[in-house]
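Quick notes on the structure that follows.
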Amino acid sequence: MGQQHDIYYVPSKSQWPIVAAVVMFLTVFGAAHWLDAEPGESGFGKTLLLVGFVGILGMFFGWFRSVIRESMRGYYNSQVDRSFRMGMMWFIFSEVMFFGAFFGALFYVRMFSVPWLGGEGHGVLTHQYLWSEYAASWGAGGGNGPAHVGGAFQTVAPWGLPLLNTLILLSSSVTVTIAHHALQAGHRGKVLAFLGFTVLLGAGFLFCQAHEYAEAYKELNLTLGSGVYGCTFFMLTGFHGMHVTLGTIMLAIIWLRVLAGHFSKEHHFGFEAVAWYWHFVDVVWLGLFMFVYIL
Amino acid sequence: MAHAATHDEHHDEHHEHLNFFQRWVMSTNHKDIGTLYLVFSLLMFFIGGSFAMVIRAELFKPGLQLVQPYFFNEMTTMHALVMIFGAVMPAFVGLGNWMIPLMVGAPDMALPRMNNLSFWILPFAFALLLSTLFLPGGGPAGGWTMYPPLSLQSASTAYVVFAVHLMGISSIMGAINIIATILNMRAPGMDLLKMPVFVWSWLITAFLLIAVMPVLAGAVTMLLTDKYFNTHFFDAAGGGDPVLFQHVFWFFGHPEVYIMILPAFGIISEIIPTFARKPIFGYKAMVFAIASIAFLSFIVWAHHMFAVGLPLGAEIFFMYATMLIAVPTGVKVFNWVATMWGGSMTFETPMLFAVAFVILFTIGGFSGLMLALVPADFQYHDTYFVVAHFHYVLVTGAIFAIIAATYYWIPKWTGHMYSEFWGKMHFWNSVVWVNVLFFPQHFLGLAGMPRRIPDYNVAFANFNMISSIGGFLFGASQLIFVGVLIHCVWFSKKKATDRVWEGAKGLEWTVPSPAPHHTFSIAPVVHDEELAHGHVED
């Protein structure tokens, strides 16, 4: 830690915001161009998407490097630290609301749209004239809608891999907390061990998830196109999986930063932010395990 | 708490030697970024306005005159998207950026680099959105609400979805920054219940933004996967429901409506006390009214969907919940009037716009109450009555408040007074023509003219012609605004004093005019009697 200034640090200028805006634009412009291309048409979309994505990684590296340097030089007083904490908290809240949109969609189709298609409530006439054959149910029987889009499928059994994944994520929350306490107590070896263990658990979760997806596609015929069951299943677990991936990468970077001696007993907001994020993906998983797999 | 700020390890002497690119593109300064937001917003106001001129020109007479129906639909869609996400929201963020640190005595925004990113995403997002107009398949034409399956039929869905994602990221980061600034950067003595109402309104708006922009992102992501990745969220054959989109969209959309009006309430609550030379009537009631409106905004979304076939219980619930909003809004209007009551009022341009806001926004509120009634809404739904309603709250509401704020604070920004004569010319032209433009649309709607249609029954011809004439002249009146701004920034000789307005109170008037590049590097000492609303009775 460098010398402490009791002043609110405001950098005079920074190239990272404009770099970030440009690479984000390249990424989405490439993606849009790719998606909108006619079948068989070879556009520049894919290339642009790749360039933009690599640019985003580079931008994060550069931006965080300058922030870490400023932190190591002691430019950040406790007030700056509070700003960072609030930023992370509200960012996680926005993520909660993002998942909320998809959970909301899940509850809506289960509570309303599927039963209505089966003739419940004010869906009586729709059912009678359009889908009189359809016996509404969730899961394997009717979860892909009255047209049985994507063909018959089986659901993933909750008490196999999903249960294992629940245990993995719950224990990873414990290990990251142990690592945090060790950091506060100044036991660097213990921090590295338990943080490393957390990274491995995150990777293990992702491995199981990938295995489960492969099995769903190959053996259960459960795909993204399996009606509303398939899309809620894969979009919810998929977005969660992306967050676990990001969380695991962040934990790995924090592990390297512990190794490099970036954190002290008092100043380790980077560690805490990633730990909060990890707990957040953990809680989302509990919701998923309950509402997507079990119920 | 720390009371001072630094700006670089090399300190301030190098600091003012940034070249043009460094100052504006690599900025971390809340004033420069605020200016960028405001200039961008003005540009978008004219782009969106030009789309409106196309719409009004086509509707000048019955029959197809100028444009093809698909292009007409692109114009209505793009007009809304550009005005909402490009003009109104960035204008409020720009005003917040400029004024919140000045009003709470902070050296800058809490997260200055992220502040710049929030802005610079926007030009790219709108380049992406507007580029769709030049694509072979055309731009989005299914309305700004993007209802499936209609919206999925245009070729440009992916561009629109990603543009909306970018705008959402920008808004969320901007909102996080504003919350962190307000909660963490206030000068000592600037207690929460001593903050100006404008700051309060932004604190609550920022919460709304963080809560609902991700929901919009989720909704458009489902559109994207339904179109390109074979999902069936909105397809009944696969068990989904197009109405699901409307629920998710309006869960975002209704709080969004208040995102576009709560900062306007804050602005008006600053301007009226200044020109009535009285503290605001019922400061705490004003704050709690804003908070109540924000809370209610989360439980009224389905009033946009009364005609879609909701269960009866839902229609009744959403009808009553919607009508409840009239209570806190009524408190606000009452308090603005009570603030003026017995005040020694003068009518400079900001005050003229503020008074017009109070009256005309209230008309928009009343037509909103009419729309809230389920049985009546079956008649009004998707007619020009709805168009008249939301233009009264957004143009004479949000836009008038933004214009009022610009006249109110521009002497502080530039150090010069604007031309009062031309400001008043701008006001009287705007207020007359905006009513010629939108008031007849109430009659058209009640008579049954549908929205978003390029042609209409000859029975509607007269009112449409009147409305179009009002539209062209209201559009032309805004050129006066640009003239006043250019004059004020570059040519005005009349220096502004620090306090600018005789009755102005609050920290922002204690710094010189123009406000120096860095203010409150050392936190100011807050004297309660200097604050606009300093003495709050418990």
**Study point:** So A:LEU256, is it part of a helix (DSSP H, G or I), out of contact with any strand residue (DSSP E or B) (no Cβ under 7 Å at 6 or more places or on another chain), more than 26 Å from A:TYR108 (Cα to Cα) and not small (Gly, Ala, Ser)
**Key:** yes
Point to revise | Selection from segment A:116-131 of residues that are more than 10 Å from every other protein chain (Cβ to nearest Cβ) and in contact (Cβ under 8 Å) with a residue 12 or more places away in the chain | key: A:GLY119, A:GLU120
Point to revise | Among the residues listed as B:ALA461, B:ALA496, B:ALA523, B:ALA515, the single one being surrounded by 14 or more Cβ atoms within 10 Å (Cβ to Cβ), at pLDDT below 95 and of a type in the set (A, V, I, L, M) | key: B:ALA523
**Study point:** Residues of segment B:147-170 satisfying the condition of being in a helix (DSSP H, G or I) and more than 12 Å from chain A (Cβ to nearest Cβ)
**Key:** B:LEU150, B:SER151, B:LEU152, B:GLN153
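In segment B:112-125, which residues are more than 7 Å from chain A (Cβ to nearest Cβ) and under 19 Å from B:LEU209 (Cα atoms)?
Going through segment B:112-125, the residues more than 7 Å from chain A (Cβ to nearest Cβ) turn out to be B:114-115, B:118-119, B:122-123, B:125.
B:MET114, B:ASN115, B:SER118, B:PHE119, B:LEU122, B:ALA125, listed by residue number.
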Review point. Checking A:PRO39 against (1) of a type outside the set (Val, Ile, Thr); (2) over 22 Å from B:THR28 (Cα atoms); (3) assigned to a helix (DSSP H, G or I), which single condition isn't satisfied?
Key: (3)
Exercise for review: Restrict the check to segment B:253-261 and report whether at least one residue is crowded, with 24+ Cβ neighbours inside 10 Å, within 12 Å of another protein chain (Cβ to nearest Cβ) and in contact with a helix residue (DSSP H, G or I) (Cβ under 9 Å, 6 or more places away or on another chain).
Suggested key: yes
**Study point:** Residue satisfying all of: in segment B:47-73; more than 19 Å from B:ALA461 (Cβ to Cβ) and surrounded by fewer than 16 Cβ atoms within 10 Å (Cβ to Cβ); farthest from the chain's Cα centre (by Cα) among these
**Key:** B:GLN68
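Rundown of residues vs (1) crowded, with 22+ Cβ neighbours inside 10 Å; (2) touching a residue at least 40 places away in the same chain (Cβ under 8 Å), yes/no style:
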| residue | (1), (2) |
| --- | --- |
| B:ALA187 | no, yes |
| B:MET190 | yes, yes |
| B:VAL199 | yes, yes |
| B:LEU203 | yes, no |
| B:VAL215 | yes, no |
| B:THR225 | no, no |
| B:TYR228 | no, yes |
| B:VAL243 | no, yes |
| B:PRO279 | no, yes |
Exercise for review: With a cut-off of at least 1 residues that are touching a Cys at 6+ places or on another chain (Cβ under 6 Å), in the same structural domain as A:GLU272 (by TED's automatic domain parsing) and at pLDDT 95 or above, name the helices (runs of 4 or more DSSP H) lying wholly within segment A:113-214.
Suggested key: A:161-185
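The values are calculated or read from the model by the stated rules, or taken from the named source; none is laboratory data. Not measured: the values here are computed from a predicted model. In this analysis, Cβ positions are derived from the backbone assuming ideal geometry, glycine residues included, and neighbour counts consider all displayed protein chains.
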